[in-house]
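Throughout, read-outs are computed from the coordinates displayed, never taken from laboratory work. Not measured: the values here are computed from a predicted model. Glycine gets a Cβ as well: all are built from the backbone with ideal geometry, and neighbour counts include every protein chain shown.
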Amino acid sequence: MNTSITRRQFAALMGGTTVASTLSLPAFAQDGKTLVFALPGLVGNFEPHTWVGFGDTVHVMDTVARGLTHMDFDNPLPQPAVAESWTISDDGTVYDFTIRPGLTFHDDTPIDAAAVKRTFDRMFDETDPTRPDASFAADNLGGANVKGFDTPDDMTFRIMLNAPDAAILGRLTRPDMIIISPTALEQHGKEIGLNFVSCGPYKISSVTPNERAVLEAFDNFYGGKPAIERVVMQVIPEPVAQMTSLASGDLDVTNLIPHSNVDRLEAMPGIRIEQSAAFISLTLAMNVEVEALSNINVRRAVSLAVDRQAIIDEVFFGKAEMPGYITPAAEQGYAPEHMELSRSDTEAARALLEEAGAVGTELTLISENQGFWPRLGQVVERSLNEAGFVVTVEYLDTGTFNAQLFDKTAHELAFVQRSAFFPDPDGRFSPLYGSSTSAAQEITAQTSLPEQAELDARIAAANAESDPEARGRLYVELNTFMAEQMMPVAALVNTFLPVAVSDDIQGVNANALGTYRTFLENAAPAN
Amino acid sequence: MTGPLVQIENLTVRYPLGGGLGARGVLGLAPTNLEVQRGELLAIVGESGSGKTTLGRAMLRLIPAEGAIHFDGTEIIGLGRRELAQMRSRMQMIFQDPYSSLNPQKTVGRTLSEVLAHVGIPRAERRARAEELLSQVGLGADAYPRLPRAFSGGQRQRIAIARALATGPDLVVADEPVSALDVSVQAQVVNLLLDLKAERGLTMVFISHDLGLVSAIADRIGVMYFGRLVEIGPAARLSRSPAHPYTALLNDSMPPPSVAAARATLEAAAQTGAVELPSLMDPPRGCPFAPRCGHASASCRETPPALHPHPAGGLVACHHPLNTD
Amino acid sequence: MPTTRADQHRFRLPTLTGALRLLPWLVVGLLIFAAIAAPLIAPYDPIKNVGSPMLAPFSPGHPFGTDGFGRDQFSRILHGLGPMMFVSVGAVALAVAVGGAVGLISGVMGGWLDWMIMRAVDILMSFPLILAAILVLVALGASTFNLMLAVAISQIPIFARLTRALAAGEVVRDYVMAARASGFGMLHVMVSEVAPNILRPLLVQATSVVAVAALTAAALSYLGMGARPPEPDLGYMVKEGQELIFIAPEQTILPGLVIAIFVLAISFCGDQLNEREGG
Ligand SMILES: Nc1ncnc2c1ncn2[C@@H]1O[C@H](COP(=O)(O)OP(=O)(O)O)[C@@H](O)[C@H]1O
Ligand SMILES: [Mg+2]
């Protein structure tokens, strides 16, 4: 194919296979007032305190709701949102947030400290009749470390902690930390997800499950009314259908296209690929309770055996980067010398295996069976086998995969993807490698390693340090410690979701979209 | 051994209508009583569709039937599968259509030796016995390895006869054994059957629609109409002085009218309201022959006649029997 | 011959005449040969990265280029033929055996047993073929052998019904009654009398259904329910290639074309057998 093909021609070429998905698009696009965004799915329930669906929780939520703080992914530190400022007590356990004056929810209910407290109480009060089953928001805020909430005055909301937690400002930027209208909560109780009202840049106009959500710009958004009046979040799960819609101008923004097509799309007039930082890290988790993997040298051999360049080339078509260890280069806690911790060296891997008398060790790797995972599985299988392992990959549907992943008796090696809802260095460690997490207990089973106690102490110490620079140094050491002393996971590569944007649109937050956050308030028609 | 070889009581056959469970049935054979004496040749005649085949098959328990069949003193309707299998070799059937009664995929030899094996003939003797049977029915040993399609209709019927004889039966029911054959070979096959009957002392039920043929060969003749036995008696008496008006009709019109022709006549009559049509699914209340009968009275249309002894011998089911003097 | 659902779904092929009639047989023969000889004639190991660039264009060394992992596409397609045939022919053979046995029992025994079996078959047939197969694969897990089983299970009702119809047509014939009159049991009637007489039409129909089975198998592989990567599997290759359709359309088109050629050729062969059977 030659590169000067036009978007329309391109769409016509592909039309045959994707008519069905493009036909259902309403004629919204290209009037300069509407932005069409692709969703992988839509349940139509926006309950923030439990996981409902990918499109609902990840994409719509970020567009229609907002919390006390906001992560804009330009500045590594959380920014003011519903709270215009905050103060932290000297011992780091009391946070006072000053609510921005004059704000309202989409239903005109004024936002004050009491309204904010209502949402946070719902996370922790298990007797709250409006609380959904399996609410996990409390854990995501800090769990038992949260002592309580208070409203010292009408416009001040206070969070009290037992121990300092420097990540709390970042945690407040999560999509499950958004503020819900107390009026709507009163009215709809447990059904709030179906009648959702918050205070984001867009308000929900209509929702058709599995089809689309239509959102309208909100006049009283704290950042001002967005320039684009309407956002249509359209369900287009198939990558090929997305590319066709993009080419035909029926779709303006998507972060779901396969990496293989980035260069192709970029070459097309009218479409650009926005560069985003590689916040998505892929790791190969090793269950240390499996006999073959109980020897750290075997785990080191696994890490050495992974051909990371082949992953970058064959799985991500160049759209990925070499990892450090746990923390990606775009985040605090990374140091260039970490790259040595995740060196690829087949010969060294083989030597380690021979020394351990473990050549020919049979291992089973579980992988999801969709998206880029089967490609990743094939490259990892090949490179481990070259170093002397005998690896079999099982490709499982997402449900089965997750069930086996969180059961240490049901897997040996497993792929784990970690994206950053907010780029705080603690987010890379405590939710995955702290003793109390099911990930550390079941995915890697590293809680049985003697070094785990020290790891826990180092994680706690790093997160208690509120001076950003000192904090960063602690996380650099944490990466090195975990790699050298424990090696429960092998870092594979860091990547991002390619963000394709129509030239009709500017101001899309590509870094956020590259890691599953959807902030569209600064998007505007291009002139 | 005394008494009849076969004695049937109230033998009744209902054919299921349509598919499925618990469907209604049509009466293929109305409750029938009949005896077959040892060594006799009993002929069953009647128009096509009158229930001859049904009677013949039910008598051998080849189709589901109600009532009782005493075969050489043993009641066989109540018999279990295994006991029945034991009895099977003693009663055999020769079918009307030799083109469908031989498995097209099996050689003559295989057909015969399977039967021989089934009745316990040792493997070593089977071939010789089969060839002997073939020669008894007038075929050479060269027939043994060949498939049925290599043979003419008459030859096939001889093979079918050989198969029937292979079990060493006491009773053979021959269901119109020649009506599908060329006229030129019909006599040969009938003669073969008669010779074999004589040689082996067989009891034979010979089903035919040809009263002329059977009156020449049978000891007794039974006449069927509309699924019922309407007359039975010595062959000579039936052909000379029939007691049932239907037997008389068969006697007069040889060959008998086809069902289609008869129905056409009846339908024409029904149009004018003169007669009503009998139907198996909805049997008439009185005598089923009444609509066609010149002698029918009011009582004929009300009460079905039962079989009664006829002064000249045999039984007849008629309110106004002929030749009573 | 009674029509099966497979029949109704089948697009009517034009009738080939003259020397053209030989063509589908040649194609099937050639594909079978290629499948068997794949280890000998394939220039490369189908699962080894051969060190060439990814997505290399067609060249004498790589007649069909290389795939997204730098594996020789020609070798992969050759090696993918065997599994395709194993799954489609094996599934149909199994379905003929099991469906045939069930249908034979149903057709010969008749009565309530027949009624119950056929209602069960009706229920199974009310599931779309592919859904039945997916359910089986979800239960058993994905592998080439399970794929064969799943496709077989989805075809069993078709053959049960077909065999039942054929058997019911034979069982009323006098030779069956003659066998029963000779004292033979139902097993003999089924196996020795009826079965040999329905085998031919059954096998003719089976040939046509191989095409349906191949398509079902390809669709399931496409859904990731067949061979485990990196084993070459034509259906999965179509899927893997689809994402690359804008940059390397041959990745998805070539394996798709091979599936289509096999299915089409088998269908033509089945039609010719059907004609001869007078169907
Ligand atoms: N298998 C069957 N199912 C239903 N009706 C049948 C069946 N066989 C015969 N009949 C009916 O039973 C009646 C008697 O048939 P049959 O005994 O074959 O007469 P015949 O041998 O005298 O010609 C006919 O009306 C025929 O249609
Ligand atoms: Mg008859």
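Miscellaneous remarks
- The spacing between segment B:216-239 and segment A:273-305, judged by their C-alpha centroids, is 98 Å.
- Residues in segment B:309-325 that a label on residue B:297 would reach, taking backbone N under 16 Å of a point 7 Å out along Cα→Cβ: B:317-325
- Relative contact order of segment A:280-495, defined on C-alpha pairs under 8 angstrom at six or more residues apart (%): 37
- Here segment A:380-527 yields Rg over Rh of 1.05, to two decimals, using C-alpha coordinates and the Kirkwood radius.
- Helix-only [θ]222 nm of chain B, DSSP H runs n ≥ 4, -39500 (n - 2.57) each, per residue, nearest 500: -10000 deg cm²/dmol
- Beta bridges assigned by DSSP with both partners in chain A are antiparallel in approximately 75 percent of cases.
- Net lengthening on full extension, residue A:441/residue A:526 (0.36 nm per residue, minus Cα-Cα): 25.6 nm
- Note on segment C:155-226: Kirkwood hydrodynamic radius from all Cα pairs is 14.1 Å, rounded to one decimal.
- Where only C-alpha atoms are counted, convex hull volume of chain B per residue in Å³: 155
- Its alpha carbons give the protein assembly as shown an Rg and a Dmax of 43.6, 139 Å.
- Overall Cα dimensions of segment C:65-189, principal axis frame, Å, largest first: 69, 26, 19
- Angle between chain C longest axis and helix C:22-41 axis [Cα atoms, degrees, rounded to 10]: 60
- In range of the label at residue C:86: residues from segment C:186-224 whose backbone nitrogen is under 20 Å from the point 7 Å along Cα→Cβ: C:210-224
- Calculated FRET value between residue B:33 and residue C:115, using beta carbons and R₀ = 25 Å, to 0.05: 0.15
- By the rule of a C-alpha distance below 17 Å, with chain neighbours fewer than 8 residues away ignored, the aspartates and glutamates paired with residue B:197 are B:40, B:132, B:170, B:175, B:176, B:219.
- Shape class for chain A: oblate, because the ratio a/c of the largest to smallest gyration tensor axis (alpha-carbon atoms, square roots of eigenvalues) is 1.5 or more and b/c is at least a/b.
- Working note: Debye formula, equal point scatterers on the alpha-carbon atoms of chain C, no solvent; log10 I(q)/I(0) at q = 0.07, 0.12, 0.14 Å⁻¹ is -0.31, -0.79, -0.99.
- Ignoring lysines fewer than eight residues from residue A:203 along the same chain, the ones with Cα atoms less than 27 angstrom from its Cα are A:33, A:117, A:190, A:225.
- Prolate/oblate/rounded call for segment A:29-136, Cα gyration tensor, a/c under 1.5 rounded: oblate
- Overall form of segment B:1-134 per C-alpha gyration tensor (a/c, 1.5; a/b vs b/c): prolate
- Residue among B:122, B:31, B:169 with the largest mean-square fluctuation in a Gaussian network model of chain B, springs linking Cα atoms under 10 Å: B:122
- Rounded FRET efficiency, nearest 0.05, which uses the C-beta distance separating residue C:187 from residue B:128 and R0 of 30 Å: 0.60
- Between segment A:103-132 and segment A:460-518, the Cα center-to-center distance that results, in Å: 31
- Here segment C:176-271 has an Rg and Dmax of 21.4, 72 Å, counting Cα atoms alone.
- Acute angle (nearest 10 degrees) that the helix B:153-166 long axis makes with the longest principal axis of chain B, alpha-carbon atoms: 80
- Modelled this way, with points 7 Å down the Cα-to-C-beta line, the labels at residue B:236 and residue A:195 are 10.7 nm from one another.
- Helix B:183-200 and the longest principal axis of the Cα set of chain B meet at an angle near 70°.
- For chain C, the 222 nm mean residue ellipticity estimated from helices alone, with every DSSP H stretch of n ≥ 4 adding -39500 (n - 2.57) and the total spread over all residues, rounds to -23500 deg cm²/dmol.
- When each of the peptides B:126-133, C:63-70, A:174-181 is scored by the mean number of other C-beta atoms lying within 10 Å of its residues, the order from highest to lowest reads A:174-181, C:63-70, B:126-133.
- From the alpha carbon centroid of segment B:80-142 to that of segment C:237-279 is 52 Å.
- Chain B: antiparallel DSSP beta bridges as a percent of all, rounded to 5: 60
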